[in-house]
Amino acid sequence: MPKKIALLISGSLPENLQATYGDYGAVFKDFLRRSLPKDDVGFTLDPYDVVKLEYPSDDQLDSYDGIMYTGSAASAYEDVEWINRLVAFTARVVNEKPHIKVLGICFGHQIVARALGGEVVPNNGLWEVGPTPLDLTDLGRRLFGVETLNIQQMHRDHVPVVPPTFELLGSTSVSHNQGMVRFAPGTEFDQRTLDNVHIITLQGHPEFDEGIVSGIVEARTKSGVIGAEVAADAERRKAWRNDGIPILGKALWGVLGVKA
């Protein structure tokens, strides 16, 4: 049976990238398609612009296998209507509809943390940009099936402490919480596998490739958001290995119940 996913869109790519990559809906659809472990599994990805307060109805929600959250140029700790509503929606879905898997990316990672007892803060002005090696925990190595991995990054806010009921997947020297999981209630220690994950979040961007990251760096450098030193470091590392599709994409599909 095809998998059905709701995509909660919290922003857009810079204009210099949209002609090539489309909107976030197109980027995530391509990412999910390319990382599918099986050719015979179909999926639908329904976009909702949560900045415009677009959400699935309760009846629609019950039809979804998972909800995926995009990144954003906004900060998840901001006290604005659309962010506060997204936080409240997340808490309600997690608590009232536990059959729906929750998959948060970057800003989504931070929204999930805020909704479920964690804190989101600026990281003292420190950026993480471009392909970055993660120091995986034992659980991270087991779930991802690798000893090390690289993920594309684009953030300067972070979740400094793992929220209650979550387990850490990996860290960097700049940002301790690079990903976290919460297992379904009643999951025994030896049952901590991808298909028993209820919530998984990643601080990085498995859906981004080198072209997207380089384009964002270019746009944010021109606007003064990213400094020359950060941009030069990202340029130096831009050809490093990117495990977004072969490792992380397949892991996200594993959470949704699709395995090779």
>> Restricting to the stretch 10-33, and then to whatever is outside any helix (DSSP H, G or I) and in contact (Cβ under 8 Å) with a residue 60 or more places away in the chain, can you tell me which residue is nearest to the chain's Cα centre (by Cα)?
In response: S10
> Is it the case that some residue within the stretch 197-212 is surrounded by fewer than 19 Cβ atoms within 10 Å (Cβ to Cβ), within 19 Å of the chain's Cα centre (by Cα) and more than 18 Å from F28 (Cα to Cα)?
Replying inline: yes
> So which of V174, V258 is more than 24 Å from Y77 (Cβ to Cβ), assigned to a loop (DSSP other than H, G, I, E, B) and touching a residue at least 24 places away in the same chain (Cβ under 8 Å)?
Replying inline: V258
> Taking V225, is it among the β-branched types (V, I, T), surrounded by 14 or more Cβ atoms within 10 Å (Cβ to Cβ) and touching a strand residue (DSSP E or B) at 6+ places or on another chain (Cβ under 9 Å)?
Replying inline: no
> How many residues does the stretch 34-62 contain that are surrounded by 13 or more Cβ atoms within 10 Å (Cβ to Cβ) and part of a helix (DSSP H, G or I)?
Replying inline: 6
>> So the check is Cβ under 7 Å with 6+ separation or different chains; which pairs have a first residue in the stretch 209-232 that's hydroxyl-bearing (S, T, Y) and a second one that's surrounded by 16 or more Cβ atoms within 10 Å (Cβ to Cβ) and not in a helix (DSSP H, G or I)?
In response: S214/K238
> Just checking, which of V174, V121, V80, V129 is over 29 Å from Q191 (Cα atoms), among the hydrophobic types (A, V, I, L, M, F, W, C), over 14 Å from the mean Cα position of the chain (by Cα) and surrounded by 22 or more Cβ atoms within 10 Å (Cβ to Cβ)?
Replying inline: V129
>> When you check K52 against the structure, is it more than 30 Å from R237 (Cβ to Cβ) and touching an Asp or Glu at 6+ places or on another chain (Cβ under 8 Å), yes or no?
In response: no
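Readers should treat all values here as calculations from the given coordinates under stated rules, not as data from a laboratory. Everything numeric here is computed off the predicted structure, so don't read it as measured data. Because the Cβ atoms are built from the backbone with ideal geometry, glycine has one as well, and the counts that use them run over all protein chains shown.
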